[in-house]
Protein chains: 2
Amino acid sequence: MADVARRAGVSMATASRALSNHPHVAAETRARVLAAAEQLSYVVSPEASRLAGGATDRVAVVVPHIARWFFASLLEGLESVLRDADLDVLLYHVGDEADRRRFFERLPARRKVDAVVVLGMPVRDGERDRLELMGVHIVAAGGQVENYPYVSIDDAAAGRQAVDHLIFLKHRRIGMIAAIDPAEPGWPANPGRTHAYEMALTDAGLPFDPALVVTVPWGGLSGADAMSGLLSLRDPPTAVYAHSDEVAFGAMRTLRRAGLRIPEDMSVVGIDDHPMAELSDLTTVAQPVRDQGVLAGRMVLALLAGEQTAGGVTVPTRLIIRGSTAPPRR
Amino acid sequence: MADVARRAGVSMATASRALSNHPHVAAETRARVLAAAEQLSYVVSPEASRLAGGATDRVAVVVPHIARWFFASLLEGLESVLRDADLDVLLYHVGDEADRRRFFERLPARRKVDAVVVLGMPVRDGERDRLELMGVHIVAAGGQVENYPYVSIDDAAAGRQAVDHLIFLKHRRIGMIAAIDPAEPGWPANPGRTHAYEMALTDAGLPFDPALVVTVPWGGLSGADAMSGLLSLRDPPTAVYAHSDEVAFGAMRTLRRAGLRIPEDMSVVGIDDHPMAELSDLTTVAQPVRDQGVLAGRMVLALLAGEQTAGGVTVPTRLIIRGSTAPPRR
């Protein structure tokens, strides 16, 4: 394969894709690779060809977390579509660095699936190369992964819906609790959600005060700590925008414990519409999570059928106003 | 296979197990089946034998729900052990009757796994027969399934910890919100949890008032409705025992909306220790959910290695007292 790639003047990944009839290879490139393969008497091994050609009837799903609502909901939607198409779902949880390395080293070597779906996590450059070498289809859901078809929300738009709602209510000091994934320290979980906050303030002519921004590892207890920090400011915010509902639930606990009323003393808005949001009367920006899994599953089916798919699908979010937001009282 | 079973005087399932060297077959029975097979020149097909003999390196996991915390947590624990042993996890969500039928009809016919793990759901008689015909190992987690190795809590003991706590606090009128799974109408999700309530009242010399028992489909909003029903009684309870934390969260919303204080006006106790329980200050009986998945995974590995396993493992639960329970004020 390396010889074929060199002779054709393309990368190994491109050579692999061309030889496995991957749809996203230019006709001219494919012709060049096929010519090189013929000159070198390159034979695609029957096993590799069979597996890469769509005959395993299995799809690998890679997730960084299983037990969290967001990822489990994506998985549920995806599984339903693949199962209806009689495809088997191979589940791979890559929780830490060792898991990741193992997954990205071993699965490509085995070539035992027709497609790989990456749920809610970034894929690094080296990992991308390995996936491409497999010559299988790759789809991302619950987040965008460069160069692959994806299904995602527009994080910046979702963030604007949340922050603009607080601004509309005439809040002027708005805190933000941003969440990062400790397993991905270099990857701000949702840069779009942070950017939305900054843009919304700018557009409203409000000053950006770095003291009002707290960044914590994802999770409810982290949200609780972050809220404590915001309450310890000399001039606390009157409203808080949390990057996710689970973080917002933690913030709400801190407010309850401090004897503060929601929304009279502090407004809180989240993003997600987690099942607990309705039970907690939390105003939030809802995203259709299960649907993102369903749409990603349909993309997989289209790709396996040799159809072209949209490069990316962005699903809409919407503000759901409940009891945790109101105009400020001071 | 039917002829072999008839001649040996055993069921098809037993004959299949004997021929596939399943550990739970008596030596005498196995000898009888092997003799019958020899007399009939029965040949185990190489494909079936290979797959039934442990060579697929795949384990099927069957779940009735993916996106719910309890099931996703079981799955996460199970997947971690199987992955460490280099086994692949095939995920099957059987949400409704059609899914169930499809799973139990097709998987056995394909024999493409070494073991089947059933998470938090009952297996019916006909389905059991089909699984046994596969001649693969079967393990249950998050609930007991008759005749199979399982990992579970003791639901009756967990229920006693919850109700006895309320009785210890001197509550005399204690309501129960029992949850059923709409997908399993005939299967009270947790008969042990209901039985615990009745036994605890009896042991404390308290009368059983059927008006204080509300049975609803599983879910937070159902819990909210159930609490409304209990509050509409002429003589409402002073404390409520919910079969699960998620049901309890719904009950707490109704109390908040009614302007009642928890625990001053009403104590609430759940079962699970859902991540939101800590954030909601809910007193609950914690069960180690992820651990049940881990232990089930280890059982699978032991069975595949030809080792004997305990018939069942019961993991302990423990009461966690938070802010939602206190002595009654009236």
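The values are calculated or read from the model by the stated rules, or taken from the named source; none is laboratory data. From a predicted model like this one, the values you see are computed outputs, not experimental measurements. Neighbour counts run over all protein chains shown; Cβ positions are idealised from the backbone, glycine included. To get the accessible areas, we keep the full protein, side chains included, count just its heavy atoms, and leave off ligands, DNA and RNA. Shrake-Rupley method; radii C 1.70, N 1.55, O 1.52, S 1.80 Å.
With θ taken as phi - 60° and the coefficients 6.51, -1.76 and 1.60, list the Karplus ³J(HN,Hα) couplings across the range A:218-224 in order, rounded to whole Hz; mark glycine and proline as x.
Ordered by residue, 3J(HN,Hα) equals 3, x, x, 5, 5, x, 4 Hz.
Using a 1.4 Å probe on protein heavy atoms, which residues of the range B:253-279 have at least 20 Å² less accessible area in the complex than alone?
Relative to the lone chain, where solvent access is computed with a 1.4 Å probe, the range B:253-279 loses at least 20 Å² at B:Arg253, B:Arg256, B:Arg257, B:Met276, B:Glu278, B:Leu279.
When DSSP beta bridges are limited to those with both residues in chain A, what percentage is antiparallel, rounded to the nearest 5?
Details: 3 of 40 bridges.
Within chain A, antiparallel bridges account for around 10 percent of the total.
If we hang a label 7 Å off Cα along the beta carbon direction at B:Arg261, how far is it from the matching labels on the other copies, in nm, shortest first?
1.5
Take B:Phe168 and A:Leu34, extend 7 Å from each Cα along the Cα→Cβ direction, and tell me the distance between the two endpoints in nm.
The two pseudo-label positions are separated by 7.6 nm.
Determine the share of the range B:176-330's accessible area contributed by carbon and sulfur atoms, expressed in whole percent, with a 1.4 angstrom probe. Please report the intermediate quantities before stating the final value.
On the way: 3570 of 6430 Å².
Carbon with sulfur: 56 percent of the solvent-accessible area.
With an 8 Å Cα cut-off and a minimum separation of 6 or more residues, compute the relative contact order for the range B:155-287 in percent. List each step's numbers first, then the result.
On the way: 247 pairs, mean separation 34.8, N = 133.
That works out to 26 percent.
Starting from the amide H of B:Gly312, placed 1.01 Å from N in the peptide plane, find each other amide H under 5 Å away whose residue is 5 or more places distant or on another chain.
Correct list: B:Tyr150.
Amide H neighbours of B:Ala239 under 5 Å, at least 5 residues apart or on other chains, H built in the peptide plane: list them.
So B:Ala239 has HN proximity to B:Gly175, B:Ser267.
With the Cα gyration tensor of the range B:56-95 giving a ≥ b ≥ c as the square roots of its eigenvalues, does the rule (a/c under 1.5 for rounded; else a/b larger than b/c for prolate; else oblate) give rounded, prolate or oblate? Write out the running numbers ahead of the final one.
On the way: a/c = 4.19, a/b = 1.53, b/c = 2.74.
Note, shape of the range B:56-95 comes out oblate.
Once phi is turned into ³J(HN,Hα) by the Karplus curve 6.51 cos²θ - 1.76 cosθ + 1.60 with θ = phi - 60°, what whole-Hz value does each residue of the range A:29-36 show in order, with x for glycine and proline?
Values, residue by residue: 5, 4, 4, 5, 5, 4, 5, 4 Hz.
Ordered shortest first, which distances in nm separate the 7 Å Cα→C-beta label point of B:Glu28 from those of the other copies?
Going from nearest to farthest copy, the values are 8.1 nm.
Taking a cut-off of 21 Å between Cα atoms, list the lysines near B:Lys112, but don't count ones fewer than 8 places away on the same chain.
The reachable lysines, counting only those whose Cα sits under 21 Å from B:Lys112, are A:Lys112.
Assuming R0 = 22 Å, can you tell me the calculated FRET efficiency for the pair B:Ser228 and B:Arg329, based on Cβ-Cβ distance, to the nearest 0.05? Before the final figure, lay out each step's value.
Numbers: r = 21 Å, r/R0 = 0.97.
About 0.55, to the nearest 0.05.
Calculate how many DSSP beta bridges within the protein assembly as shown are antiparallel, expressed in % of all such bridges and rounded to the nearest 5. Intermediate values should be presented prior to the final figure.
Details: 9 of 83 bridges.
Percentage antiparallel, nearest 5: 10.
Pull up all non-local amide H partners of B:Ile320: gap of 5 or more, or a different chain, and H-to-H distance under 5 Å with H placed in the peptide plane.
B:Thr284, B:Val285, B:Ala286
I'd like to check one number: the per residue accessible area of the protein assembly as shown, probe 1.4 Å, reported in Å² as a whole number. Could you put the intermediate results ahead of the total?
On the way: 26560 Å² over 660 residues.
I get 40 Å² per residue for this part.
Would you mind listing the distances between the B:Gly95 label point and the same position in each other copy? Use 7 Å along Cα-to-C-beta, nm, one decimal, shortest first.
B:Gly95 label point versus its equivalents elsewhere: 2.7 nm.
I need the calculated FRET efficiency for the pair B:Ala310 and B:Met12, taking r as the beta carbon distance and R₀ as 25 Å, to the nearest 0.05. Write out the running numbers ahead of the final one.
Details: r = 27 Å, r/R0 = 1.08.
Result of the calculation: an efficiency of 0.40.
Run the helix sum for chain B: -39,500 (n - 2.57) per DSSP H stretch of 4+ residues, divided by residue count, reported at 222 nm to the nearest 500 deg cm²/dmol. Could the numbers behind the result be given before it?
Values: 13 runs with 148 residues, N = 330.
Per the formula, -13500 deg cm²/dmol.
Let me check against my output: what whole-number percent is the relative contact order of chain A, with C-alpha pairs under 8 Å and at least 6 apart? Intermediate results must be reported in sequence, preceding the final value.
Working: 670 pairs, mean separation 62.0, N = 330.
Relative contact order comes out at 19 percent.
Quick one: how many Å² of B:Ser80 are accessible to a 1.4 Å probe, rounded to 10?
Counting only protein heavy atoms, B:Ser80 exposes about 20 Å² to solvent.
Chains B and A: what accessible area do they bury, summed, in square angstrom to the nearest 100, with a 1.4 Å probe?
Approximately 3300 Å², summed over both chains.
Between B:Ala26 and A:Arg256, what FRET efficiency comes out of the Förster formula 1/(1 + (r/R0)^6) with R0 = 45 Å and r the beta carbon distance, rounded to 0.05? Write out the running numbers ahead of the final one.
Details: r = 60 Å, r/R0 = 1.34.
Plugging the Cβ-Cβ distance into 1/(1 + (r/R0)^6) gives 0.15.
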